[in-house]
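Q: Shown below is the structure under consideration.
The values are calculated or read from the model by the stated rules, or taken from the named source; none is laboratory data. Not measured: the values here are computed from a predicted model. Don't worry about glycine lacking a Cβ; one is built from the backbone with ideal geometry, like all the others, and counts go over all protein chains shown.
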Ligand SMILES: NC(=O)c1ccc[n+]([C@@H]2O[C@H](COP(=O)([O-])OP(=O)(O)OC[C@H]3O[C@@H](n4cnc5c(N)ncnc54)[C@H](OP(=O)(O)O)[C@@H]3O)[C@@H](O)[C@H]2O)c1
């Protein structure tokens, strides 16, 4: 099968596309013929060697994707069958034509949900879901701020919060992205290059920060007793935080990794159904994903790292 892989860490130049052995499924695996593969920031961290990865050489990157079941292990007990469409967000080696998916990690794509949409919202949507429902407070009329509001997680998170009655503010880098976030229901969206922060010191109940380098700004934007939800480093390593200063203002920092919120088949099913429901009811709509052929993986990584992308990047075998 064809796959995108690397055998040492580094820039996007380390990525190679070529022929590798097909995966061998265990008794509890499904074999998926991939239709769309999600590219995520974590894949960039893994390629650079700054994030945990499975030991395997050459290493096939990627943990997310959607496809069709073409074979079933002999002990698969759930009601999956050949031809079913499946999404996964926490299975390694997805940058390939075929992927072995443990049945517990497989999320059946409902008939009324397009496979491309499922692949576009899987990992980022389930992240938005736990950030909003487990870490944040879904309390109507609260004022919340989302960094990178027009990114993949940002678009879904901000619409989820708006749909549930919160007032969503955010910041982004371009007029085009600003307009997108406003069209998606945000109350106010600032441009990063503008001097907007001085009017919003101690203003927000919750600040969502997946950018990292913005952490100290995020703390300043919070009111006393407010919550900072820190979930990623798209902009770079976060600065050190003075816990005593936080304590003196009763501000809290919460963190979370999606994989700790997807620990069973039941959890994956319940959380994905809650996510899919927002889309079914028309409460969330996202921008069209940008699709690269899997053979152009280097270009896809470069595009994600350039900061020019809006929303999801998918790879197509
Ligand atoms: N904790 C978890 O389980 C989990 C799961 C998934 C993702 N994440 C994290 O969530 C974050 C967003 O991921 P994503 O998939 O949504 O990526 P994405 O679509 O590329 O969005 C990243 C956003 O970060 C903003 N950004 C990048 N560099 C910045 C900088 N120097 N200053 C300010 N903003 C900057 C960009 O804002 P502009 O568009 O305005 O430039 C962009 O919208 C990443 O840190 C990722 O690692 C965490």
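Q: Could you tell me whether any residue of the range 242-249 is under 29 Å from residue 225 (Cα atoms) and within 14 Å of the ligand (Cβ to nearest atom)?
A: No, the range 242-249 has no match at all.
Q: Still on this model: Tell me, which residue of the range 109-138 that is without any contact (Cβ under 8 Å) to a residue 40 or more places away in the chain and more than 16 Å from the ligand (Cβ to nearest atom) is farthest from residue 169 (Cα to Cα)?
A: 111
Q: What is the residue count in the range 133-152 for residues that are buried (at least 24 other Cβ atoms within 10 Å of the Cβ) and part of a helix (DSSP H, G or I)?
A: 1
Q: Moving to a separate point now. Could you check how many residues of the range 219-236 are at pLDDT 95 or above and within 11 Å of the ligand (Cβ to nearest atom)?
A: Total meeting the criteria: 3.
Q: Next up: So which pairs qualify, if the first residue must be in the range 245-274 and at pLDDT below 95, the second must be within 14 Å of the ligand (Cβ to nearest atom) and not in a strand (DSSP E or B), the Cβ gap must be under 7 Å, and the two must be at least 6 apart or on different chains?
A: 259/90
Q: Take residue 79 and decide whether it is in contact with a strand residue (DSSP E or B) (Cβ under 9 Å, 6 or more places away or on another chain), in the same structural domain as residue 117 (by TED's automatic domain parsing) and in a loop (DSSP other than H, G, I, E, B).
A: Yes: the conditions hold for residue 79.
Q: Among the strands (runs of 3 or more DSSP E) lying completely within the range 167-269, list those that include at least 3 residues that are farther than 24 Å from residue 286 by Cα. Please lay out each step first, then the result.
A: Numbers: elements: 167-172, 188-191, 204-209, 222-230, 252-255.
Answer list for the range 167-269: 222-230, 252-255.
Q: From the list 73, 18, 49, exactly one residue is over 20 Å from residue 121 (Cβ atoms) and modelled with pLDDT under 95. Which is it? Don't jump to the end; show me each part of the working.
A: Values: 73 fails: modelled with pLDDT under 95; 18 fails: modelled with pLDDT under 95.
Checking each option against the conditions leaves just 49.
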